[in-house]
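One structure is given below, encoded as structure tokens.
The values are calculated or read from the model by the stated rules, or taken from the named source; none is laboratory data. Note that this is a predicted model, so its numbers are computed, not measured. Ideal geometry is used to build each Cβ from the backbone, glycine not excepted, and the neighbour counts take in all protein chains shown. Accessible surface is based on the protein model in full, side chains and every heavy atom, while ligands, DNA and RNA are left aside. Shrake-Rupley method; radii C 1.70, N 1.55, O 1.52, S 1.80 Å.
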Amino acid sequence: MIQRVAVLTGGGDAPGLNAVIRAIVKTAVREYGIEVIGFRDGFKGVMENRVTLLTEAEVSGILPRGGTILGTTNRDNPFHYQVAEGKFEDRSDQCIETIKEYADALIVIGGDGSLSIGYDLAQKGLHVVGCPKTIDNDLAVGQAKTFGFDTAYAFATEALDRLHATAESHHRIIVLEVMGRYAGHIALHAGLAGGADVILLPEIPFTYEKIIAKINERLSQNKRFSLVVVAEGAKPLGGEMVVQKVITQSTDPIRLGGIGEVVARELERRTGIESRVTVLGHLQRGGSPTPYDRILATRYGVAAMDLAARGQFGYVVSLDGEHLKPVPLAEVAKGIRKVDVEGELVKAARKIGICLGD
Ligand code: F6P
């Protein structure tokens, strides 16, 4: 039986992180009499020995709050730790020692980057439990649906509703660029929920000809405006993704962004229809989690703590259909889960006339 568990949040924040932390602490204290400590700012806090005791008082009132009370970072991999400008070392032993000094097990709340680090630490003997998180919903851990995704695409849907009104009034093409890295889950879901005319996904390279055919079809029906949702990782057939910046210390160094502007400019040039672009960016990540995400995050927190208390280490909790089940951490190494281009959602989009650019 463990006496103390440590928890950290790593990678990009996602709405629901605080709800997970709260559920872990409440379950630990009430159900198992286990003490919880939090490392600040993900693995950076471990490397810099920055901890805080997480009591019930500490997590009171945080359920609806966006962000993470622990702080996070998507840099500072202990296996590839920056010790000086341009100089990296494997400091994983130091990392494990520090965690063991404070706790018997570590719960990592993170996406593929942080969970991969968790897996590597587990391989070296650390007791690790994973809790999957990302607004991108792209974790290849079982069928894991991640908290934060529902909030992110709900916000993108609201944005589309707002853009609909102004696009229609001005007879414009409006392009909405959403996040999602190399997967188009946010774009597909928001596009379907928000009634987009065109949805461009990283999984389906697009051509301008196909998009313009859709715009022309609408014009022929006297619909003089069009809404295009483009995932940040979308690319034209034979072309490349638009990279905004490269962050070398990050577990995933590429930051995408800018394809929305490219598409809007090109559509305006080719059609002569005035076009505008809105980039939702980090607005999708901030804000209060939806009720769905609050519940999912709470379930994940409870389930992760249950695993840790039972000594079931080396697993990530994962939502499979309606049920939570433990999935080996090793699954994270399989890469990301992309949109199934033959899946029912994509087929539904096509059947109702949404153009996917191909
Ligand atoms: O993985 C979550 C995510 O928001 C992606 O959708 C996006 O590409 C990336 O993180 C942005 O990262 P950063 O916060 O470093 O700009």
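Odds and ends about this structure:
- A straight line joining the Cα centroids of segment 178-256 and segment 329-345 runs 19 Å.
- Between the listed residues Gly111, Thr98, Val316, the Cα displaced farthest toward the positive end of the dipole of the chain, a dipole computed from Cβ unit charges relative to the Cα centre, is found at Gly111.
- Å² of accessible area per residue within segment 295-358, as computed with a 1.4 Å probe and no ligands counted: 49 Å²
- Its relative contact order, with pairs defined as Cα atoms under 8 Å and 6+ residues apart, puts the chain at 23 percent.
- Cα long-axis angle, helix 291-310 against the chain (0 to 90 degrees, to the nearest 10): 30 degrees
- Principal axis analysis of the Cα atoms in segment 257-327 yields extents of 63, 24, 20 Å, listed in decreasing size.
- Proximal lysines to Lys124, defined as alpha-carbon separation beneath 27 angstrom and excluding residues fewer than eight positions away on the same chain: Lys44, Lys87, Lys100, Lys133, Lys325, Lys334
- Solvent accessible area, Å² - Met241, 1.4 Å probe, full protein context: 50 Å²
- Relative contact order of segment 108-175, pairs being alpha-carbon contacts under 8 Å that are 6 or more residues apart, as %: 21 percent
- Heavy-atom accessible surface of segment 1-53, averaged per residue, reaches 33 Å², computed with a 1.4 Å probe.
- The H on the amide N of Lys133, modeled in the peptide plane, is under 5 Å from the matching H of Gly110, Gly111, each at least 5 residues off or on a different chain.
- When you count the other C-beta atoms within 10 angstrom of each residue and take the mean per peptide, 175-186, 303-314 line up highest first as 175-186, 303-314.
- Mean accessible surface per residue for segment 70-133, computed with a 1.4 Å probe while every protein chain stays in place, in Å²: 41 Å²
- For segment 107-230: rounded, prolate or oblate by the Cα gyration tensor [a/c cutoff 1.5]: prolate
- Taking a ≥ b ≥ c as the square roots of the Cα gyration tensor eigenvalues, segment 81-149 comes out oblate, since a/c reaches at least 1.5 and a/b does not exceed b/c.
- Whole-Å distance, taken between Cα centres, linking segment 26-63 and segment 262-279: 48 Å
- Classification of segment 209-356 by its C-alpha gyration tensor yields a prolate form. The axis ratio a/c (a ≥ b ≥ c) is 1.5 or more, and a/b outweighs b/c.
- Surface composition of the chain: carbon plus sulfur atoms contribute 49% of the solvent-accessible area (1.4 Å probe, protein chains only, all chains present).
- Helix axis angle, 208-220 relative to the chain longest principal axis, alpha carbon, degrees: 60 degrees
- For the options Thr68, Thr271, Thr27, a Gaussian network treatment of the chain with springs between C-alpha atoms closer than 10 Å singles out Thr271 as fluctuating the most.
- Computed P(r) (all Cα pairs; the chain; 10 Å bins; percent): 6, 25, 30, 21, 13, 5, 1
- Residue of Gly257, Gly86, Gly71 that the Gaussian network model of the chain assigns the largest fluctuation, springs spanning Cα pairs under 10 Å: Gly86
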